[in-house]
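Have a look at the structure below before the remarks.
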Amino acid sequence: MDKKELAEFLRHRRETLRPRDVGLVAGSRRRTQGLRREEVAQLAGMSTDYYARLEQQRAPQPSVQITAALARALRLTLDERDHLFVLIGHNAPARFERSEHVSPTLLRVLDRLDDSPALVTTDLVDTLAMNPLAVALLGDQTRHTGLARSGYYRWFMDPAERLVYPEETHESHGRAQAARLRAALTAGSDTPRAARILAELQERSPEFVRMWELQEVARYGHCKTILHPELGRIDVDAQLLYTENRAQTLVVLTTRPGTESHSKLELLSVIGHQQLTP
């Protein structure tokens with residue numbers, strides 16, 4: 001680990017960013033140029049003390065997971081991310097392992113969305129980032145690990161995944177999941193992992209096998225209705241923004257002004273995770 005170069009690189013990148021670049025409010029009494037150390041630490045999910053020691057050349061080598069979190073927090077490009085991994089002493093991830101690094105372009109847009117639920121997903125429906133309103137509407141989808149990171153896998157293997165969608169849409173939603181997995185299997189960013197998901201589902205889910213045998217292929221498809229545990233049915237429109245290679249997608253959920261769904265989403269933006277009923 002090149003502690004001196006690492007400290008200088010982190011400090012420079014931190015001072016280059018502005019609070020608005022990462023969705024933070026600057027405030028009127030701000031003295032620090034760029035982001036504060038505690039702000040970077042918060043964005044990366046680590047302690048302020050540990051991050052400060054990295055800039056002071058006093059910290060032990062960060063893990064691969066922490067390195068990836070730092071790259072996301074500092075909104076690094078792929079080249080900058082690879083440089084960070086080398087400075088810390090790790091091999092840079094393969095460029096096709098896109099799930100480890102959220103597109104800085106999509107993150108910049110996500111940071112500015114505070115009135116609509118929005119999330120960044122991969123072409124295997126791994127959820128990489130969510131804004132607070134998306135978490136309040138859908139729950140924290142970034143917490144999953146292993147094959148369960150994929151929404152395709154969870155749909156057929158985790159009954160809780162279906163609670164978010166009306167029962168009458170389950171058949172069409174399941175067919176869309178199978179069709180999108182077929183597209184990811186042949187033209188996706190991580191075809192080996194798609195193949196592992198396919199093998200697991202073929203062995204463990206008769207429902208998936210039935211839908212897979214329909215030979216349907218699709219790259220897109222989003223449910224138009226969400227069931228919130230407190231607010232009930234919310235009808236949404238999904239607006240999509242892709243990276244150039246279409247490996248990652250920013251999904252923005254909107255409602256039509258003047259509708260009951262729009263009012264519910266406005267209420268949700270106020271109450272967040274608070275429970276409405278005893």
Quiz prompt | Condition broken by A41, with the remaining ones in (1) out of contact with any Phe, Trp or Tyr (no Cβ under 9 Å at 6 or more places or on another chain); (2) at pLDDT 90 or above; (3) of a type outside the set (S, T, Y) satisfied | solution = (1)
Quiz item: How do the pairs read when you match residues in the stretch 157-171 that are in contact (Cβ under 8 Å) with a residue 12 or more places away in the chain with residues anywhere that are among the charged types (D, E, K, R), using Cβ under 9 Å and keeping only pairs 6 or more apart or on different chains?
Solution: M157/E200; M157/R204; P166/R233; T169/K224
Exercise. Could you list all residues from the stretch 63-79 that are part of a helix (DSSP H, G or I) and at pLDDT 85 or above?
Key: V64, Q65, I66, T67, A68, A69, L70, A71, R72, A73
Quiz item: Where residues in the stretch 151-169 are modelled with pLDDT under 95 and outside any helix (DSSP H, G or I), which of them is most open to solvent (accessible area, probe 1.4 Å)?
Solution: Y165
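Residues E216, E244: which one is among the charged types (D, E, K, R), open to solvent by 50 Å² or more (accessible area, probe 1.4 Å), free of Cβ contacts under 8 Å to residues at least 24 places away in the same chain and assigned to a loop (DSSP other than H, G, I, E, B)?
E244
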Self-check item: Count of the stretch 121-135 residues which are over 21 Å from F156 (Cα atoms), open to solvent by less than 40 Å² (accessible area, probe 1.4 Å) and either of a type in the set (G, A, S) or not in a loop (DSSP other than H, G, I, E, B) (or both)
Solution: 5
Practice problem: Sort out which residues of the stretch 170-193 are at pLDDT below 90, in contact with a Ser or Thr (Cβ under 9 Å, 6 or more places away or on another chain) and either small (G, A, S) or open to solvent by less than 10 Å² (accessible area, probe 1.4 Å) (or both), and write them in order of number. | Solution: A184, G188, S189
Exercise. Among the candidates L137, L74, single out the residue that is farther than 26 Å from T255 by Cα and touching a residue at least 60 places away in the same chain (Cβ under 8 Å).
Key: L74
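Condition first: under 20 Å from L106 (Cβ atoms) and open to solvent by 10 Å² or more (accessible area, probe 1.4 Å). Now tell me which residues in the stretch 70-83 satisfy that.
Selection gives R72, R75, T77, L78, D79, E80, D82.
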Quiz item: Looking at R30, is it in a loop (DSSP other than H, G, I, E, B), in contact with a Leu (Cβ under 7 Å, 6 or more places away or on another chain) and at pLDDT below 85?
Solution: no
Exercise. Give me the pairs, please: first residue somewhere in the stretch 38-55 and of a type in the set (K, R), second residue anywhere and surrounded by 15 or more Cβ atoms within 10 Å (Cβ to Cβ), beta-carbon distance under 6 Å, and either six or more positions apart or on two chains.
Key: R53/A59
Practice problem: Run down L110, L87 and say which single residue is surrounded by 22 or more Cβ atoms within 10 Å (Cβ to Cβ), part of a helix (DSSP H, G or I) and not small (G, A, S). | Solution: L110
Quiz item: Of all residues in the stretch 219-239, which are within 19 Å of the chain's Cα centre (by Cα) and open to solvent by 60 Å² or more (accessible area, probe 1.4 Å)?
Solution: R219, Y220, H222, Q239
Exercise. Could you tell me whether Q202 is polar (S, T, N, Q) and in a strand (DSSP E or B)?
Key: no
Quiz item: Does the stretch 119-134 include one or more residues that are at pLDDT 90 or above and out of contact with any strand residue (DSSP E or B) (no Cβ under 7 Å at 6 or more places or on another chain)?
Solution: yes
Quiz item: Restricting attention to the stretch 1-27, and to residues there that are part of a helix (DSSP H, G or I) and among the β-branched types (V, I, T), which single residue is modelled with the lowest pLDDT?
Solution: V22
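Residue by residue, here is whether (1) among the polar types (S, T, N, Q); (2) within 25 Å of G232 (Cα to Cα) holds:
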residue: G139; (1), (2): no, yes
residue: G151; (1), (2): no, yes
residue: A183; (1), (2): no, no
residue: S189; (1), (2): yes, no
residue: A195; (1), (2): no, no
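The values are calculated or read from the model by the stated rules, or taken from the named source; none is laboratory data. Nothing here was measured: the structure is a model prediction, and the numbers come from that model. Reconstructed Cβ throughout: ideal geometry from the backbone, glycine too, with neighbour counts over all protein chains shown. In case anyone asks, the SASA skips ligands and DNA or RNA and just uses the protein heavy atoms, side chains included. Shrake-Rupley method; radii C 1.70, N 1.55, O 1.52, S 1.80 Å.
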